[in-house]
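Engineer: Before I ask anything, here is the structure I am working with.
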Number of protein chains: 2
Amino acid sequence: MKGYLWAPSAATQAKSEGASWESLAIDAVGNVIEFWGFKRNQGRVWALLYLRDAAMTAAELERELALSKGGVSMLIRDLERWGVVLRVRQPNDASWHYRAETDLMQMARRVIEEREFSFIARVRADLAEARRLAEADPATPKPKIDRIRKMEAVAEATEKALSVFLKTSRFDVGAMFDRFRS
Amino acid sequence: MKGYLWAPSAATQAKSEGASWESLAIDAVGNVIEFWGFKRNQGRVWALLYLRDAAMTAAELERELALSKGGVSMLIRDLERWGVVLRVRQPNDASWHYRAETDLMQMARRVIEEREFSFIARVRADLAEARRLAEADPATPKPKIDRIRKMEAVAEATEKALSVFLKTSRFDVGAMFDRFRS
DNA sequence: CATGCAGTTCAAAACGGCTTGAACTATATG
DNA sequence: CATATAGTTCAAGCCGTTTTGAACTGCATG
């Protein structure tokens, strides 16, 4: 919804060890997740951890994804808070390692559920309130009230799309995920 | 998906003639439309014209919505291009007047259809390409390929939500709109 | 064809979100 | 306890988007 002229970014940067298709997949995840109002880099961090299926240190994430120290720290904090990344101690290493915990989808579902639904609920409430006020005033012409009602339909369609996303992620993906669970 | 701490904005500004519930409805529309990646003020301009169901001049829009002259000009240009606002000549008035033409929904549907779908198609293609590349390399462990497959599910769910939004806007709202057509 | 108003354009400013990096805190180790 | 390294914080900077406003264009009118 912003610019969408992604850097062609073939072989983005020097230091990364991963296969080139890896960064393709990682960036793709970053893009969808950004679509849903999260930060692109939250998606990228999760995607790397998930794809590697290994516990990595902040320093590694920093290097592989070309992020700053502070940035990694904050991104991880968010992902941990949402429960999609777990912090673990590795046998004989002083530093923390991070692992992808659950499917990103679950997180997106939870967050969208509270954040977006309340947003759209608020919009609907405003529209309903406007209609109530309009109806209370006897001077308001009838068609005008109908027009507000029609506006509410825009909000309703938005709500429906959101709820389908949530349902889809619960069933389709949930099932898929379980089936493939490693 | 940005800030969502809308200005409380009771009785926003001095000049507006409209009932206070009017601006409530107008801002609500601005909010949903912004959610779908349009400009908040595009939604507000359309909403005012639609609600008033009257042809208004740029100067009126400027005053009622507290926008700048240049801003109104550009907003209207967009809305005209999308076919949701029509420019008409009023009997004996030198200046143009603008009317809300179709339902905003139709416009959103069209634009989302081309803009968002191609966006998500691109994400899916990237993921598919990554998987193809991964599969081509015999060294890639099987579970890693499965993980890419699971990532594709995120994109699929997004696509499904989008398509439901489009369908909903076509049927539910379309029907509703016709029924109420003034 | 001069005047004035409607409408357009676009560079600059404002704005908002994201990232950076330096200072700081916490923790492990000798 | 001193030191080193990992991790956190947050003000400042960066960057993309939106809005502004002044200059400009076009058009109608006397």
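The values are calculated or read from the model by the stated rules, or taken from the named source; none is laboratory data. From a predicted model like this one, the values you see are computed outputs, not experimental measurements. Cβ atoms come from the backbone with ideal geometry, glycine included; neighbour counts cover every protein chain shown. Note: accessible area is taken over every heavy atom of the protein model, side chains too, but ligands, DNA and RNA are not part of it. Shrake-Rupley method; radii C 1.70, N 1.55, O 1.52, S 1.80 Å.
Engineer: Once the other residues with Cβ under 15 Å from the Cβ of A:Ala121 are scored (Lys, Arg +1; Asp, Glu -1), what is the net sum?
Structural biologist: On the way: positive: A:Arg115, A:Arg122, A:Arg124, A:Lys160; negative: A:Glu113, A:Glu114, A:Glu116, A:Asp126, A:Glu129, A:Glu152, A:Glu156, A:Glu159.
Counting the neighbours of A:Ala121, the net charge comes to -4.
Engineer: Sorting check: for A:79-90, A:23-34, A:149-160, which peptide has the highest mean count of neighbouring beta carbons within 10 Å, and how do the rest follow? Please report the intermediate quantities before stating the final value.
Structural biologist: Working: A:79-90: 15.7, A:23-34: 24.9, A:149-160: 21.9.
So the peptides A:79-90, A:23-34, A:149-160, ranked by packing, come out A:23-34, A:149-160, A:79-90.
Engineer: Just to be sure I understand: if you take the accessible area of chain A alone plus chain B alone and subtract the pair, with a 1.4 Å probe, what total do you get in Å², rounded to 100? Write out the running numbers ahead of the final one.
Structural biologist: Numbers: alone 11670 and 11750 Å², together 17460 Å².
Buried surface at the A/B interface: approximately 6000 Å².
Engineer: Using a 1.4 angstrom probe with every protein chain in place, what is the largest-first accessible-area order of B:Trp36, B:Trp96?
Structural biologist: Numbers: B:Trp36 10, B:Trp96 95 Å².
Reading off the accessible areas and sorting them downward yields B:Trp96, B:Trp36.
Engineer: For B:Thr102, tell me the accessible area in Å² from a 1.4 Å probe, rounded to the nearest 10.
Structural biologist: Estimated to the nearest 10 Å², B:Thr102 gives 40 Å².
Engineer: Go ahead and collect, in residue order, the members of region A:52-94 whose backbone nitrogen is under 18 Å from a label point 7 Å along the Cα-Cβ direction of A:Glu114.
Structural biologist: A:75-86
Engineer: Here is a further query. Beyond a 19 Å Cα-Cα separation, which of these cross-linked pairs lie in this structure: A:Lys167/B:Lys167; A:Lys69/B:Lys144; A:Lys144/B:Lys69; A:Lys39/B:Lys160? Mind showing how you got there, number by number?
Structural biologist: Working: A:Lys167/B:Lys167 16 Å; A:Lys69/B:Lys144 27 Å; A:Lys144/B:Lys69 27 Å; A:Lys39/B:Lys160 21 Å.
Beyond 19 Å between Cα atoms: A:Lys69/B:Lys144; A:Lys144/B:Lys69; A:Lys39/B:Lys160.
Engineer: Show which aspartates and glutamates lie in cross-link reach of B:Lys150 when reach means a straight Cα distance below 17 angstrom and same-chain residues fewer than eight apart are skipped.
Structural biologist: Filter leaves A:Glu22, A:Asp27, A:Asp53, A:Glu101, A:Asp103, A:Asp172, A:Asp178, B:Asp126, B:Glu129, B:Glu135, B:Glu159.
Engineer: Here's something else I'd like to know. Check B:Tyr98: other-chain or 5+ apart residues with amide H under 5 Å from its amide H, H built from backbone geometry?
Structural biologist: The answer is B:Met56, B:Thr57, B:Val88.
Engineer: Additional query: Shape of region B:66-177 from its Cα gyration tensor (a ≥ b ≥ c, root eigenvalues): rounded if a/c is under 1.5, otherwise prolate when a/b > b/c, or oblate?
Structural biologist: Here region B:66-177 falls in the prolate category.
Engineer: Additional query: Given R₀ = 41 Å, FRET efficiency for B:Ser68-B:Arg149 by Cβ-Cβ distance, to 0.05?
Structural biologist: FRET efficiency, B:Ser68 to B:Arg149: 0.25.
Engineer: Mind running the shape call on region A:20-100? Use the C-alpha gyration tensor, a ≥ b ≥ c as the square roots of the eigenvalues: rounded below 1.5 for a/c, prolate if a/b tops b/c, oblate otherwise. List each step's numbers first, then the result.
Structural biologist: On the way: a/c = 1.75, a/b = 1.47, b/c = 1.19.
Prolate, because a/c is 1.5 or more and a/b exceeds b/c.
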